[in-house]
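Novice: Dropping the structure in here first, questions after.
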Amino acid sequence: MGKFKALFAILLSAVIIAGAFYWLRRYKPEIPEPPPEFNTQGRLQVYALDVGQGESMLIVTPGGKTVLIDAGNPQSGDTVVAALRKHKVSGIDLAVATHPHADHIGGMRSVIESFSIRNFLDSGRDFSSAEYERLLKAIKSKRISFINAKSGMTFDLDSGIKLEAFFPKGDNQWITRIRSGGSLENANSVVLRLTYGSFSMLFTGDAEFETEAAMLKSGFPINAQVIKIGHHGSRYATSGKFLDAVGPQMAIISCGMDNRYGHPSQSTLDRLKKSNIQIYRTDLNREISIFSDGRNYQVRQERGAETAAMWLGRIESVEFSTAMAKKSTRTAVEVD
Ligand SMILES: [Zn+2]
Ligand SMILES: [Zn+2]
């Protein structure tokens, strides 16, 4: 009998150990569920819309004023229009094209066709592309007031909520010297800061190091609690110096799951991590929402992601690297 007991004990232990191994192998850290709907009443709302490789940010004030900064690529027109309807937008007080690249202005014509737009803020740089020319024509035919951005410009949204332009400088003072392979359109992106009480957020378009350096030099109050990272998290944007000056707690990166540009780059993610900044990415978290009462803010993500995936950059495709290497020896139009 003693023998059987011992055998039984050995068998039982084996089953327990095997079970534990099985559980350990299957165990995966739990992905946090998105928190329940926030009450948006009386809150400033900022949404980073899920437009794949491109960018579109929506601001809705407690008083119902709306600002749309960029509208994604030409395929995302319907997505942006649907998102605006979902957020109960009926008209747009200010639409912004940070710069004329297709992944920022592509969906804008669909928005113009679907909503009445009061004002259009543009970087104001001459740029020839069929997409941009069609957009300018649509703005003209809808008689939308067209404003060229200039640093120092302020848009009062609700009382106590304002949007300030920090870049470009205006009066044809453009950035003209950029890295080889870079883009003058990106470098001259419209940069805006939204403030509501103690809440602040910086929107940087596709600005890279050169624009960041110019802004640091200008002495503008670029500090912000939240930053929309420049140029989809490119390795040529978000310098350590710039991050120190902005001092954000949180960063949003707008980029696509399948992008060939290497967005976001590992080096940018590493700089953000080193500065202890919490990140959200539209490729992993899809739509990202921020709500603020002018004192505190809450963030909601449409989808959770594992921490390891969040801090993992993307690698640019070989085709893209080769094209860029060729490009740096001649002048061409970049479209990202
Ligand atoms: Zn872009
Ligand atoms: Zn661009």
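Novice: Going through the stretch 169-185 one residue at a time, which ones are touching a Ser or Thr at 6+ places or on another chain (Cβ under 7 Å) and either of a type in the set (V, I, T) or away from ligand 1 (no atom under 16 Å from the Cβ) (or both)?
Specialist: K169, G170, I175, S180 - these are the residues of the stretch 169-185 that are touching a Ser or Thr at 6+ places or on another chain (Cβ under 7 Å) and either of a type in the set (V, I, T) or away from ligand 1 (no atom under 16 Å from the Cβ) (or both).
Novice: Considering (1) under 24 Å from A251 (Cα atoms); (2) at pLDDT 95 or above; (3) touching an Asp or Glu at 6+ places or on another chain (Cβ under 7 Å); (4) open to solvent by less than 50 Å² (accessible area, probe 1.4 Å), say which one P62 fails and leave the rest.
Specialist: Of (1) under 24 Å from A251 (Cα atoms); (2) at pLDDT 95 or above; (3) touching an Asp or Glu at 6+ places or on another chain (Cβ under 7 Å); (4) open to solvent by less than 50 Å² (accessible area, probe 1.4 Å), only one is false for P62: (4).
Novice: Here's something else I'd like to know. If you scan the stretch 189-202, which residues turn out to be within 14 Å of A149 (Cα to Cα) and either open to solvent by 10 Å² or more (accessible area, probe 1.4 Å) or near ligand 2 (Cβ under 10 Å from one of its atoms) (or both)?
Specialist: S189, R193
Novice: I would also like to ask the following. Which one of these is at pLDDT 95 or above, out of contact with any helix residue (DSSP H, G or I) (no Cβ under 6 Å at 6 or more places or on another chain) and assigned to a loop (DSSP other than H, G, I, E, B): G304, G313?
Specialist: Step by step, each of G304, G313 is checked, and only G304 is at pLDDT 95 or above, out of contact with any helix residue (DSSP H, G or I) (no Cβ under 6 Å at 6 or more places or on another chain) and assigned to a loop (DSSP other than H, G, I, E, B).
Novice: Can you go through I227, I277 and tell me which one is among the β-branched types (V, I, T), open to solvent by less than 10 Å² (accessible area, probe 1.4 Å), under 28 Å from T176 (Cα atoms) and more than 14 Å from ligand 1 (Cβ to nearest atom)?
Specialist: I227
Novice: Report, by residue number, each residue of the stretch 230-242 that is within 16 Å of ligand 1 (Cβ to nearest atom) and in contact with a Phe, Trp or Tyr (Cβ under 8 Å, 6 or more places away or on another chain).
Specialist: The answer is H232, S234, Y236, A237.
Novice: Now a separate question. Quick one: in the stretch 141-163, of everything that is at pLDDT 95 or above and open to solvent by 70 Å² or more (accessible area, probe 1.4 Å), which residue is nearest to the chain's Cα centre (by Cα)? Steps first, please.
Specialist: Our first condition is that a residue be at pLDDT 95 or above; within the stretch 141-163, this holds for 141-157, 161-163.
Still in the list and also open to solvent by 70 Å² or more (accessible area, probe 1.4 Å): 141-143, 146, 148, 150, 156, 162.
Numbers: S141: 30, K142: 28, R143: 29, F146: 24, N148: 22, K150: 22, D156: 23, K162: 20 Å.
Of everything passing the filter in the stretch 141-163, K162 is nearest to the chain's Cα centre (by Cα).
Condition check ((1) modelled with pLDDT of 95 or more; (2) of a type in the set (K, R); (3) within 19 Å of the chain's Cα centre (by Cα)) across all residues:
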{"position": "N223", "(1), (2), (3)": "yes, no, yes"}
{"position": "H232", "(1), (2), (3)": "yes, no, yes"}
{"position": "G247", "(1), (2), (3)": "yes, no, yes"}
{"position": "G256", "(1), (2), (3)": "yes, no, yes"}
{"position": "G262", "(1), (2), (3)": "no, no, yes"}
{"position": "S292", "(1), (2), (3)": "yes, no, yes"}
{"position": "F320", "(1), (2), (3)": "no, no, no"}
{"position": "M324", "(1), (2), (3)": "no, no, no"}
{"position": "A332", "(1), (2), (3)": "no, no, no"}
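Novice: Give the residues of the stretch 164-188 that are without any contact (Cβ under 8 Å) to a residue 60 or more places away in the chain, away from ligand 2 (no atom under 16 Å from the Cβ) and either open to solvent by 20 Å² or more (accessible area, probe 1.4 Å) or among the basic types (K, R) (or both), sorted by residue number.
Specialist: Of everything in the stretch 164-188, those that are without any contact (Cβ under 8 Å) to a residue 60 or more places away in the chain, away from ligand 2 (no atom under 16 Å from the Cβ) and either open to solvent by 20 Å² or more (accessible area, probe 1.4 Å) or among the basic types (K, R) (or both) turn out to be E164, K169, D171, N172, Q173, T176, R177.
Novice: While we're looking at this one, here's another question. Determine if the stretch 119-128 includes at least one residue that is within 14 Å of ligand 2 (Cβ to nearest atom) and over 15 Å from I147 (Cα atoms).
Specialist: Yes, some residue in the stretch 119-128 is within 14 Å of ligand 2 (Cβ to nearest atom) and over 15 Å from I147 (Cα atoms).
Novice: While we're here: Looking only at the stretch 250-263, decide whether some residue is assigned to a loop (DSSP other than H, G, I, E, B), touching a helix residue (DSSP H, G or I) at 6+ places or on another chain (Cβ under 7 Å), of a type in the set (D, E) and over 24 Å from F166 (Cα atoms).
Specialist: Of all residues in the stretch 250-263, those assigned to a loop (DSSP other than H, G, I, E, B) come to 254-263.
Among the residues that remain, those that are also touching a helix residue (DSSP H, G or I) at 6+ places or on another chain (Cβ under 7 Å) are: 254-257, 260-261, 263.
Remaining after also requiring of a type in the set (D, E): none.
Scanning the stretch 250-263, I find no residue that is assigned to a loop (DSSP other than H, G, I, E, B), touching a helix residue (DSSP H, G or I) at 6+ places or on another chain (Cβ under 7 Å), of a type in the set (D, E) and over 24 Å from F166 (Cα atoms), so the answer is no.
The values are calculated or read from the model by the stated rules, or taken from the named source; none is laboratory data. Fair warning: this is a prediction, and the values are worked out from it, not measured in the lab. With ideal geometry, Cβ positions are generated from the backbone for all residues, glycine too; neighbour counts draw on all protein chains shown. For the accessible areas, the whole protein counts, side chains as well, though only heavy atoms, and no ligand, DNA or RNA atoms are used. Shrake-Rupley method; radii C 1.70, N 1.55, O 1.52, S 1.80 Å.
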